[in-house]
Amino acid sequence: MVETSSRQPRRQRKAQFNRPVHRRGMVMVLPLSKELRTRYHRRRLTVRKGDTVRVLAGSFVGREERVARVDRKNRRLILDNVTLRKADKKLQQLPLNPGHLLLTRLNLSDAWRRRVLHAPEPSPEEAEAPEAPPEAAPETASPSPPEEG
């Protein structure tokens with residue numbers, strides 16, 4: 001279904017902002033990394049919560065973070081650990097444009113998505129073990145007193 005037959009940029013933008021929310025998800029697709037392209041034989045895929053993406057543009061370029069929320073209404077993605085410090089010292093999550101991201105790891109917990117990608121069932125170890133955040137480091141024990149010799 002074509003929303004507009006016009007080629008004028010202003011009418012294309014108007015069609016983008018007037019698109020119903022259930023149709024905006026079809027526009028929120030990200031390119032796959034080279035490894036995922038060869039594995040799944042697809043060039044792009046709709047982004048979902050739980051996917052891991054690499055930031056290609058902006059002040060967070062090069063970082064790989066997990067998608068915390070997909071905002072279809074405003075056509076933005078919220079990532080874990082991508083925050084800005086406001087003037088009152090509070091942290092605020094930074095919404096990113098999907099055009100500045102690249103999918104590097106897929107969330108295959110959904111059977112429908114596995115069927116579309118022809119992906120195998122995840123192993124029980126992968127399904128049960130949640131992925132630890134990359135910034136989380138184990139707490140270090142207090143230093144032991146020096147040994148006398």
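Listed values, structure above:
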| quantity | calculated |
| --- | --- |
| FRET efficiency for Leu117 and Ala68, using Cβ-Cβ distance with R0 set to 22 Å, rounded to 0.05 | 0.50 |
| Set of lysines with alpha-carbon distance to Lys73 below 29 Å, sequence-local pairs under 8 removed | Lys14, Lys49, Lys86, Lys89, Lys90 |
| Among 34-47, 9-22, the order from most to least packed when residues are scored by Cβ within 10 Å on average | 34-47, 9-22 |
| Theoretical gain in end-to-end length, Ser59 to Arg23 [0.36 nm per residue, Cα-Cα removed] | 10.0 nm |
| Percent carbon-and-sulfur accessible area, segment 1-94, ignoring ligands, DNA and RNA, probe 1.4 Å | 49 |
| Cα gyration tensor, segment 1-109 - rounded (a/c under 1.5), prolate or oblate | oblate |
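The values are calculated or read from the model by the stated rules, or taken from the named source; none is laboratory data. Because the structure is predicted, anything quoted here is derived from the model rather than measured. When we count neighbours, we look across all protein chains shown, and the Cβ atoms used for this are built from the backbone with ideal geometry, even at glycine. Just so you know, the surface numbers come from the protein's heavy atoms only, side chains and all, with ligands and any DNA or RNA stripped out. Shrake-Rupley method; radii C 1.70, N 1.55, O 1.52, S 1.80 Å.
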